[in-house]
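Enquirer: Please see the structure below; I have some questions.
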Amino acid sequence: MRAHVFIVNDETFPIHLKYLFAGTGASYREQESIWVDWHIGLLSDIKRVRSGDFVIFYIEGSRSTNGFYGIFKIANQNPVVFHTPYDSGFQPGLQNKAKLIYRTLLEPFEVYAEGVPEWEVLDKLPIYATQILWSLIYRKLKGKRGCTPLLPWEAELLIDMIRNKNNGKYIANDKFTGGFDWDKKCRRIILTPCRHSYPTQRSYTFNPLEAICYVQTHRKSFDAFYCKQKKFITFPQYLRRNRSYESYLQLYFTENIGIDSKISDIVGYNPIWFGNEVACGIGMQKIDILTICYNNKKNYRIIELKDEPVNENIIEAIEYYVNWASQQAGRHLEDAFAGNIQPVIVAPPHKPKNWQSVAKAFIQYNNKKISLPIEYFEFTVNCGRSINFNKINY
């Protein structure tokens, strides 16, 4: 089961219901390049959605009115995610309430009138610790995240809570052709006779590989200039923010998992679930990409993405993630054991001078047998057109 929680409020929720869309947003400065990092994280989040995934809305406001409502699903559309830049991000009717620059259309699946209050979902302690919705707890500790992935068992728990709150009686299913609205006073989703058509254009043109090439080129130009001058210089603010392209690499994966077979050796075959920036601890450590695959048995792949050549220090992060996940340690992932947790590292070509120490660190980790042996891939980007991955033996 794949489900996503989108944040709304009392003012915006009726608009989402009327026009059946979900979205994420942030300030969008018209003079900035499309490649500036400040919105790529939002795009990576929403690019994980696929047609048919479940959507639950979280109304954020005062503690007494916060709650979870649904159940909708991602519509079958092309593109699945579209871009609404600049002032179009306030349409239709959002005005100054929210600016949603990335969006996806929805359909009803099993829509219930009543929502589940936040305190019941997050504050009311369950009988078993495994029933705590850690993804939402971590989101609250970290702060706002417009589109949060739920692990499969978390999604089942939250959906069951919504069903139970309504005694299993939904007001609309996937056959319903009417519309929806929000009764703010009674705090209920209500039905309307007619559905509003989504009114604005839907397009998407961003190419993360082109962005990676752009950043690599400017990084190389700066490094060459720095070496030639042999002195400290102040790197321009714009290029400082663009020296890292790890966020673009993550975006490439979230929009291609389960679609482009070229990355199957990395993300696994038959992925039934995946998430990006998966929070794994109160300290806000995050797994870049986590996938759950099923081929006769369940397999977890913990994928660490790097935009600089790998070094031996990466092992510390890998070991933390594995221990957090494993039923033999942190016990956060169902049925996760040493035999089905696969750590994967993806990085640009290594530096020959430190390769021996890196390989040694990999082998020392593998000898602990807390997971399957590390798989290591290197990539090169053919400016804006393709990316090549090569599995490296060590």
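Enquirer: Yes or no: GLU304 at pLDDT 95 or above, more than 14 Å from VAL344 (Cα to Cα) and of a type in the set (D, E, K, R)? Break it down stepwise before answering.
Expert: On the way: at pLDDT 95 or above: yes; more than 14 Å from VAL344 (Cα to Cα): no; of a type in the set (D, E, K, R): yes.
So GLU304 does not fit the description; no.
Enquirer: Just give me the residues in the range 38-57 being without any contact (Cβ under 8 Å) to a residue 60 or more places away in the chain and either among the acidic types (Asp, Glu) or in a strand (DSSP E or B) (or both), in sequence order.
Expert: ASP53, VAL55, PHE57
Enquirer: Among the residues of the range 315-326, are any more than 16 Å from ILE266 (Cβ to Cβ), open to solvent by less than 40 Å² (accessible area, probe 1.4 Å) and assigned to a loop (DSSP other than H, G, I, E, B)?
Expert: Within the range 315-326, one or more residues are more than 16 Å from ILE266 (Cβ to Cβ), open to solvent by less than 40 Å² (accessible area, probe 1.4 Å) and assigned to a loop (DSSP other than H, G, I, E, B).
Enquirer: Hey, could you check the range 1-13 for residues that are out of contact with any Leu (no Cβ under 9 Å at 6 or more places or on another chain) and surrounded by fewer than 18 Cβ atoms within 10 Å (Cβ to Cβ) and say which is nearest to ALA98 (Cα to Cα)?
Expert: Looking at the filtered set, the residue picked out is ASN9.
Enquirer: Looking only at residues in the range 248-285 that are among the hydroxyl-bearing types (Ser, Thr, Tyr) and out of contact with any strand residue (DSSP E or B) (no Cβ under 9 Å at 6 or more places or on another chain), which one is surrounded by the most Cβ atoms within 10 Å (Cβ to Cβ)? First the steps, then the outcome.
Expert: Filtering the range 248-285 down to residues among the hydroxyl-bearing types (Ser, Thr, Tyr) leaves 248, 252, 254, 261, 264, 269.
So of that shortlist, the ones also out of contact with any strand residue (DSSP E or B) (no Cβ under 9 Å at 6 or more places or on another chain) come out as 248, 261.
Numbers: TYR248: 27, SER261: 9.
Going through the qualifying residues, I end up with TYR248.
Yes/no matrix, rows are residues, columns are (1) in a strand (DSSP E or B); (2) not hydrophobic (A, V, I, L, M, F, W, C):
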{"site": "ILE287", "(1), (2)": "yes, no"}
{"site": "ASN299", "(1), (2)": "yes, yes"}
{"site": "ILE302", "(1), (2)": "yes, no"}
{"site": "ASN311", "(1), (2)": "no, yes"}
{"site": "GLN328", "(1), (2)": "no, yes"}
{"site": "PHE337", "(1), (2)": "no, no"}
{"site": "VAL358", "(1), (2)": "no, no"}
{"site": "ASN366", "(1), (2)": "no, yes"}
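Enquirer: Still on this structure: Considering only the range 153-185, state which residues are of a type in the set (Phe, Trp, Tyr) and open to solvent by less than 90 Å² (accessible area, probe 1.4 Å). I'd like the intermediate steps shown before the answer.
Expert: So in the range 153-185, the residues of a type in the set (Phe, Trp, Tyr) come out as 153, 170, 176, 180, 182.
Hits for the range 153-185 are TRP153, PHE176, PHE180, TRP182.
Enquirer: Assuming GLN237 fulfils every condition listed in (1) at pLDDT below 65; (2) open to solvent by 80 Å² or more (accessible area, probe 1.4 Å); (3) under 27 Å from VAL81 (Cα atoms) apart from one, which condition is it?
Expert: (3)
Enquirer: Could you tell me which residue of the range 190-209 is farthest from LEU43 (Cα to Cα), considering only residues that are open to solvent by less than 40 Å² (accessible area, probe 1.4 Å) and touching a Phe, Trp or Tyr at 6+ places or on another chain (Cβ under 6 Å)?
Expert: TYR198
Enquirer: Cβ contacts < 6 Å: first residue over 11 Å from MET284 (Cβ atoms) and at pLDDT 65 or above, restricted to the range 134-153; second residue acidic (Asp, Glu) and in a loop (DSSP other than H, G, I, E, B), any location; separation 6+ or different chain. Result?
Expert: Partner pairs satisfying both residue conditions: TRP153/GLU334.
Enquirer: When the range 67-114 is examined, which residues are found to be within 19 Å of PRO199 (Cβ to Cβ) and of a type in the set (Ser, Thr, Tyr)?
Expert: THR84, TYR86, SER88, TYR102, THR104
The values are calculated or read from the model by the stated rules, or taken from the named source; none is laboratory data. It should be emphasised that the depicted structure is a prediction, and the values quoted were computed from it without experimental measurement. Reconstructed Cβ throughout: ideal geometry from the backbone, glycine too, with neighbour counts over all protein chains shown. To get the accessible areas, we keep the full protein, side chains included, count just its heavy atoms, and leave off ligands, DNA and RNA. Shrake-Rupley method; radii C 1.70, N 1.55, O 1.52, S 1.80 Å.
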